[in-house]
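This report concerns only the one structure given below.
Where a number appears in this text, it was derived from the coordinates with a stated rule and is not lab data. Since this is a predicted model, take the numbers as computed values, not measurements. Heads up, the Cβs are rebuilt from the backbone with ideal geometry, glycines too, and the neighbour counts pull from every protein chain shown.
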Amino acid sequence: MTLDLALSADHDLDLDLLGRASFVDGADRIAQQIKTTLLAFMGEWFLDTTFGVPYFEDVLVKSPDRASIEAIFRARIRAVPGVTQVQAMQLQMERQLRVLRVTYQADTSFGRLDRVVLLGASSGAPSPTSSSTS
């Protein structure tokens, strides 16, 4: 069994009132790792500069190619340990809100995940907003 520190909805450590960390495992751990991957800019983490999404290089460009962006997100999700296949993916751009809604369905070693991750915010960077549809 692999455990991860649980993250809150705003992507901070999930601590109880006494300051104790909580943990996440199973399908929830994999979903959290996918969300973390999609929120990370490639090169942002000094221990592994290949981790994350190439936002500056391929996504946040003047004329983005939707098929290429979808392929990037599929590959990043598929690379998360425990994910066996990405069954479906939908990207919905909400230009007025500056949000990209990534809806995916992935098969994992713990079953199928159906999730929605919202990327974007007033800061201009991917925001830690996510919701679950399963």
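Rounded to the nearest 0.05, the FRET efficiency derived from the C-beta distance between S8 and A67 at R0 = 41 Å is 0.75.
Of M42, M93, the sequence from fewest to most neighbouring Cβ atoms within 10 angstrom is M93, M42.
At a 10 Å Cβ-Cβ cut-off, how would you order Y55, Y104, fewest neighbours first? Present the calculation step by step, with values, prior to reporting the outcome.
Details: Y55 21, Y104 24.
Ranking Y55, Y104 by Cβ neighbours within 10 Å, fewest first, gives Y55, Y104.
What number, in percent, do you get for the relative contact order of the chain if the mean sequence gap of Cα pairs under 8 Å and at least 6 apart is divided by its residue count? List each step's numbers first, then the result.
On the way: 228 pairs, mean separation 23.9, N = 134.
The normalised contact order for the chain reaches 18 percent.
Couplings for region 102-115, taken from phi via the Karplus curve 6.51 cos²θ - 1.76 cosθ + 1.60 with θ = phi - 60°, read 9, 9, 9, 10, 10, 8, 10, 5, 10, x, 8, 10, 10, 9 Hz in order; Gly and Pro are left as x. When the helices of the chain are scored as -39500 (n - 2.57) per DSSP H run of n ≥ 4 and the total is divided over every residue, the value at 222 nm lands at -6500 deg cm²/dmol. Ordering V117, A6, A31 by Cα displacement along the dipole of the chain toward the positive end leaves V117 in first place; charges were set at the Cβ atoms of Lys, Arg (+1) and Asp, Glu (-1). DSSP assigns beta bridges within region 27-132; of those with both partners inside it, close to 95 percent run antiparallel. Extension gain, L97 to L47, is 14.7 nm, computed as 0.36 nm per intervening residue step minus the present C-alpha separation. Across the chain, the convex hull enclosing all Cα atoms gives 125 Å³ per residue.
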